[in-house]
Amino acid sequence: MIASRPARSNPDPTGLELIAARPHLSMHAMDGLVMEGVPLTAIADALGTPSWVYSAGILRNRLGMLQAALAGLDAHVHYAVKANGHRAILRLLAAGGAGADVVSEGELLRAREAGIPPSQIVFSGVGKTAREITRALTEDIAQINVESAEELAMLSGLAQAMARVARVALRVNPDVDAGTHEKITTGRAHNKFGISLAEIPSLYAHAAQLPGIRPVGLAVHIGSQILTMRPYTAAYGRVAALLGELRAAGHDVEVVDCGGGIGIGYRGEPEPAPAALAGAIRSTLGRLGLRLIVEPGRWLAGPAGLLLASVVLIKRTPRTRFVVLDAAMNDLVRPAMYDAWHGIVPLGAADAVRPSSAADIVGPVCETGDTFARNRLLPELAPNARVAILDAGAYGSVMSSTYNARPLAAEAMVDGAAWATIRERQPYRALWEYESVPAWQTR
Ligand code: LLP
């Protein structure tokens, strides 16, 4: 789980255990680590490192598993674009029947560029600007999830001026602890998200009177990397009770957006099955005649991606073996930002079976926080050996920066025995392409 330090009684999984648990990865004596049918060394050779690689098969399978679990409910998957908005990923998921959950004009444009129709797009977020709302109204997207009375008033004004009617869900803050890292918990009363349970009935009634607004339902999202169903059941139970209250007051409630947040087993934690989420939804909201939306990001994209890196050098201090990689916190910030645990495995078959000892695996950026793993068992590796940092498909590439003037890494997609570059490594000149220097400096 995020932020957990390995306890002695609960040792880290070994590299081979991590690979065995991931159906798209296998270790071959000759080819080393293979994703679906493609040796990852071939991609590292062609693109260099660091590079992101995504498995199309895993994306497809996981979407299919989730849809199968939700069968029988009138439920639709709206992939949370923020997890990984690459158009190749959006296209693949859209081809499988997914819509999109977007949180900015940029994500809305990405989804449209990937061919997702406006009728399949919902817009969430606590601070949508007038410009973003105008874009959403112009595109006539399916639904706007509103997070405050202030936003509702702004939306009404803009919709009225454009002679549009916005379909609105009010986002509930159910005051439920999702039991996840505090930086990604969103459903507690003190968090910035949503509208308190107590305020919803009057705001819903108000919304029904406002010009340009048609309230269609409720939305809830309590956090991310959630590994048990208890917080979901608690939150959905509160939403169901609220919904009863709204209907008793004569309001139409047609839709509940159940949010995302379902977690993955980065460190071998048992991952909630999609059937468990579907069960939590079924038992609380299943018989209320609702159209349902689920908005997973990480669960779909996280396990599908990894980050390839090369060892720059091994630095030995009296205390520590530092394995210094050419990937860094600017590429994958999750360990620095959330103390997140990501599996790290060698690409070479010979490397993978060498005896392991503890190492700190770090990047070259000038910050101590630029550490992917501390005190991690890793085989002896020589400079230029390659490793894969696992489960980096969600909140990986999208959170990259160019800190330390490090260009954005390349990206590739694997599908069976085929692979393609889906983003070139950013050239250095792109780092200053949109900068200018004041004219007085060049005179
Ligand atoms: N819906 C809403 C309204 C959200 O805010 C989020 C995520 C999702 C859906 C998708 O959540 P997921 O299924 O991916 O857990 N950067 C962090 C995660 C931030 C999640 C933000 N909101 C990380 O790397 O762990």
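The values are calculated or read from the model by the stated rules, or taken from the named source; none is laboratory data. Just so it is clear, the model here is predicted, and its values are computed rather than measured. In this analysis, Cβ positions are derived from the backbone assuming ideal geometry, glycine residues included, and neighbour counts consider all displayed protein chains. Just so you know, the surface numbers come from the protein's heavy atoms only, side chains and all, with ligands and any DNA or RNA stripped out. Shrake-Rupley method; radii C 1.70, N 1.55, O 1.52, S 1.80 Å.
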| When you look at V345, is it within 27 Å of the chain's Cα centre (by Cα) and closer than 27 Å to H86 by Cβ, yes or no? | yes
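This table checks each residue for (1) on the phi < 0 side of the Ramachandran plot; (2) within 21 Å of the chain's Cα centre (by Cα); (3) outside the structural domain of V38 (by TED's automatic domain parsing).
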{"residue": "L378", "(1), (2), (3)": "yes, no, no"}
{"residue": "A385", "(1), (2), (3)": "yes, no, no"}
{"residue": "M399", "(1), (2), (3)": "yes, yes, no"}
{"residue": "N404", "(1), (2), (3)": "no, no, no"}
{"residue": "E411", "(1), (2), (3)": "yes, yes, no"}
{"residue": "A418", "(1), (2), (3)": "yes, no, no"}
{"residue": "A439", "(1), (2), (3)": "yes, no, yes"}
| said: I'm trying to understand the selection: among the residues of region 136-171, which are surrounded by fewer than 18 Cβ atoms within 10 Å (Cβ to Cβ) and assigned to a loop (DSSP other than H, G, I, E, B)? | reply: D140, M162, A163, R164, V165
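For R267, are the conditions met, namely being in the same structural domain as Y79 (by TED's automatic domain parsing) and farther than 18 Å from I226 by Cα?
Details: in the same structural domain as Y79 (by TED's automatic domain parsing): yes; farther than 18 Å from I226 by Cα: no.
Considered against the rule, which asks whether it is in the same structural domain as Y79 (by TED's automatic domain parsing) and farther than 18 Å from I226 by Cα, R267 comes out as no.
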| said: Can you tell me which residue is nearest to F123 (Cα to Cα) among those in region 172-184 that are surrounded by 15 or more Cβ atoms within 10 Å (Cβ to Cβ) and within 10 Å of the ligand (Cβ to nearest atom)? | reply: I184
| field | Candidates G85, G64, G37, G57, filtered to the one that is over 23 Å from E271 (Cα atoms) and either under 23 Å from the mean Cα position of the chain (by Cα) or among the basic types (K, R) (or both) | value | G85
| remark: When region 106-126 is checked residue by residue, the ones that are open to solvent by 20 Å² or more (accessible area, probe 1.4 Å) and not in a loop (DSSP other than H, G, I, E, B) are G106, E107, L109, R110, R112, E113, P118, S119, Q120
| query | Does P379 meet the test of being over 30 Å from I184 (Cα atoms) and either touching a Lys or Arg at 6+ places or on another chain (Cβ under 7 Å) or within 16 Å of the ligand (Cβ to nearest atom) (or both)? | reply | yes
| remark: Subset of region 172-201, residues among the hydrophobic types (A, V, I, L, M, F, W, C) and assigned to a strand (DSSP E or B), comes to V172, I195
| message | For region 307-397, give me every one of the strands (runs of 3 or more DSSP E) that falls completely inside it and has 1 or more residues that are open to solvent by 20 Å² or more (accessible area, probe 1.4 Å). | response | 321-325, 356-362, 371-379, 386-389
| field | Set G263, G259: member being within 16 Å of the ligand (Cβ to nearest atom), open to solvent by less than 60 Å² (accessible area, probe 1.4 Å) and within 23 Å of S148 (Cβ to Cβ) | value | G259
| request: Just give me the residues in region 81-105 being within 15 Å of the ligand (Cβ to nearest atom), open to solvent by 10 Å² or more (accessible area, probe 1.4 Å) and part of a helix (DSSP H, G or I), in sequence order. | output: K82
| Scope region 189-201; condition surrounded by 18 or more Cβ atoms within 10 Å (Cβ to Cβ) and within 15 Å of the ligand (Cβ to nearest atom); matching residues | F193, G194, I195
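Quick check: is even one residue across region 184-206 farther than 15 Å from S148 by Cα and touching a residue at least 40 places away in the same chain (Cβ under 8 Å)?
Looking for residues that are farther than 15 Å from S148 by Cα and touching a residue at least 40 places away in the same chain (Cβ under 8 Å), one finds at least one in region 184-206, hence yes.
Looking only at residues in region 324-352 that are hydrophobic (A, V, I, L, M, F, W, C) and without any contact (Cβ under 8 Å) to a residue 40 or more places away in the chain, which one is nearest to the ligand (Cβ to nearest atom)? Talk me through it step by step, then tell me what you get.
Taking region 324-352 first, the residues hydrophobic (A, V, I, L, M, F, W, C) are 324-325, 327-329, 332-333, 336-337, 340-341, 344-345, 347, 349-350, 352.
Now drop any that are not without any contact (Cβ under 8 Å) to a residue 40 or more places away in the chain, which leaves 336, 350.
Working: A336: 11, A350: 33 Å.
So, considering only residues that are hydrophobic (A, V, I, L, M, F, W, C) and without any contact (Cβ under 8 Å) to a residue 40 or more places away in the chain, the one nearest to the ligand (Cβ to nearest atom) is A336.
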| request: Quick one: which residue in P296, P274 is open to solvent by 10 Å² or more (accessible area, probe 1.4 Å) and either closer than 24 Å to I19 by Cα or not assigned by TED's automatic domain parsing to the domain that holds S51 (or both)? | output: P274
| query | Is it the case that region 313-323 has a residue that's in contact with a strand residue (DSSP E or B) (Cβ under 9 Å, 6 or more places away or on another chain) and within 16 Å of the ligand (Cβ to nearest atom)? | reply | no
| remark: A46 passes all but one of the listed conditions (1) on the phi > 0 side of the Ramachandran plot; (2) surrounded by fewer than 16 Cβ atoms within 10 Å (Cβ to Cβ); the exception is number (1)
| field | Members of region 202-233 found to be outside any helix (DSSP H, G or I), crowded, with 24+ Cβ neighbours inside 10 Å and within 14 Å of the ligand (Cβ to nearest atom), listed by number | value | L218, A219, V220, H221, I222, G223, S224, Q225, I226
